[in-house]
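The values are calculated or read from the model by the stated rules, or taken from the named source; none is laboratory data. On a predicted model such as this, the values are computed, not experimentally measured, just so you know. Glycine also receives a Cβ, built like all others from the backbone with ideal geometry; neighbour counts cover every protein chain displayed. Accessible surface areas use protein heavy atoms only, side chains included; no ligands, DNA or RNA. Shrake-Rupley method; radii C 1.70, N 1.55, O 1.52, S 1.80 Å.
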Amino acid sequence: MSGPLRVAVVYPDLLGTYGDGGNGLILARRAEWRGLDVELLQAVSDRPLPEADIYCLGGGEDGPQVRAARTLVDDGTLARRVQGGAVVLAVCAGFQVVGRSFPGADGEPHEGVGLLDIETLKGAGPRAVGEVVAEPEGIEGLPVLTGFENHGGHTMLGEGTVALGRVTAGIGNGDGGRGEGAVAGHVVGTYLHGPVLARNPGLADVLLAWALQGAWLEPLDDSASEGLREERLGTMRRKRLRRRT
Ligand code: GLN
């Protein structure tokens, strides 16, 4: 790659409610720690979306989510960059936005960017709120996924779109099949906040490797985040055991 690796946090002014902008920071730091030249861009919604190699979209409220989708569709850069091989990590509202359609505050459908063949509908029951554990499925070689969710939408995957994982705790996509998130090409969608890449550095490295065209990434000392993962996953294991007894 000529020039720095460009990581863009997409519309932090609209999709910044859940701290998912941290995903951009994690990607940038993990690249820098390996001696790579990185540019971390905060791509605000009143400017044209910059050219980047990895785009991170986060969660947000219903109204700003609709604005983010409309602005991204009108801007056109995200869809064009994905055609050109750019990597996307889209979380919660962002996940819904990169699909075909998603509900507004009253359940009315809105057009998404169409990067993933998924459709989100307003769920009838209570919001899915809480810790999630998911066995990875759509990407090979990932350790178990951990994060927390907070959403009202239920997401259905189209034919040929695979889930990122299968929930063993929590709701995930809420499609009745225990799927969590979706993967197609180098576009990954998930309901996991955390930020998800802080809680799952293995996923961060997959996205970096994709953006660097499969370059080998030197292992990092992840003992601190491993300790945190063990703590969170251990709590969930104990909860499950208590429920069984
Ligand atoms: N508004 C969406 C929903 O409730 C996304 C929420 C979020 O980003 N946490 O389903």
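Net charge near residue 199: determine it from the other residues with C-beta under 9 Å of the C-beta of residue 199, scoring Lys and Arg +1 and Asp and Glu -1.
Values: positive: 229, 232; negative: none.
Surrounding charge for residue 199 is +2.
Can you give the direction-averaged projected area of the convex hull of the alpha-carbon atoms in region 157-245, in nm²? Mind dumping the intermediate values first?
Details: hull surface 28.9 nm².
Result: a mean projected hull area of 7.2 nm².
Would you compute, from DSSP H runs of 4+ residues alone, the mean residue ellipticity of the chain at 222 nm, taking -39500 (n - 2.57) per run and dividing by the full residue count, rounded to the nearest 500?
-9000 deg cm²/dmol
Let me check I've understood the local charge: for residue 219, count other residues with C-beta under 13 angstrom from its C-beta, Lys and Arg +1, Asp and Glu -1. What total comes out? Walk me through the numbers on the way to the answer.
Details: positive: 30, 34; negative: 205, 218, 221, 222, 226.
For residues surrounding residue 219, the net value is -3.
Just by accessible area at a 1.4 angstrom probe, what is the order of 241, 115 from largest to smallest? Kindly include the intermediate steps, with their values, before the conclusion.
Numbers: 241 100, 115 30 Å².
Greatest to least solvent exposure: 241, 115.
Can you tell me the relative contact order of region 27-109? Whole percent, Cα pairs under 8 Å, sequence separation 6 or more.
Details: 76 pairs, mean separation 27.4, N = 83.
Relative contact order comes out at 33 percent.
Direction-averaged shadow area of the convex hull around the Cα atoms of region 1-61, nm²? Kindly include the intermediate steps, with their values, before the conclusion.
Working: hull surface 16.1 nm².
In nm², the orientation-averaged hull projection of region 1-61 is 4.0.
Tell me the Rg and the Dmax, in Å, that the Cα atoms of region 116-209 produce.
12.3, 39
Over 5 Å intervals from 0, what percent of Cα-Cα pairs in region 202-245 sits in each interval?
Going from the shortest bin to the longest, the percentages are 5, 18, 16, 14, 14, 12, 10, 7, 3, 1.
Could you tell me what fraction of 2.2 N^0.38 Å the Cα radius of gyration of the chain comes to, as a two-decimal ratio? Please report the intermediate quantities before stating the final value.
On the way: Rg = 17.0 Å, N = 245, 2.2 N^0.38 = 17.8 Å.
The reported ratio for this selection is 0.95.
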